[in-house]
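Only the coordinates and a few stated rules stand behind these numbers; no lab work does. Computed from a predicted model, the values in this text were never measured in an experiment. Don't worry about glycine lacking a Cβ; one is built from the backbone with ideal geometry, like all the others, and counts go over all protein chains shown.
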């Protein structure tokens, strides 16, 4: 028989007597009333499934369990956030000024493109708008590459 199986279960009345203390502690350890309630419940589950070796220090033992559970939860949330941040695609949000700058730049390029001779404009159009390579452009225009 192992030491784990020799542990004596904590009576529910003793656990419930510590509920107020544990609730106050949980509210200090985590943000939000729901999370605090979850922490209290998780602490009680540990107490029921793996009772302390010594019952005389039940309150202190419950406090250690609650702190450990809260720390593990924070660590898990931080790691999950890091993993999600590593795989997340960056959001594309352009400020209004950037959009205006980009439009002005495009207008300037368009004006420069219109000032080119027709042959040069045609080559640039085929290359960058039609996506043709140099050999395909030369073949379409009937000129050597």
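Overview of results
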| read-out | value |
| --- | --- |
| Convex hull projection area averaged over all views, region 61-145, Cα basis, nm² | 10.3 |
| Part-to-part distance (alpha-carbon centres) for region 92-134 and region 1-72, which is given in Å | 66 |
| Residues residue 115 and residue 136, FRET efficiency given R0 of 22 Å [Cβ-Cβ distance, rounded to 0.05] | 0.30 |
| Where labels lie 7 Å past Cα in the beta-carbon direction, separation of residue 74 and residue 49 in nm | 2.3 |
| Residue 28-residue 101 FRET efficiency (beta carbon distance; Förster radius 41 Å; 0.05 resolution) | 0.25 |
| Percent of Cα-Cα distances greater than 22 Å, calculated over region 3-87 | 32 |
| Theoretical ellipticity at 222 nm over the chain - DSSP helices of four or more residues, -39500 (n - 2.57) apiece, nearest 500 | -23500 deg cm²/dmol |
| Net lengthening on full extension, residue 16/residue 67 (0.36 nm per residue, minus Cα-Cα) | 16.5 nm |
| Relative contact order (percent, whole number), the chain, Cα cutoff 8 Å, 6+ residue spacing | 17 |
| Principal axis dimensions, the chain - Cα atoms, whole angstrom, descending | 95, 41, 16 |
| Whole-angstrom Cα spans of region 97-141 along principal axes, big to small | 42, 20, 9 |
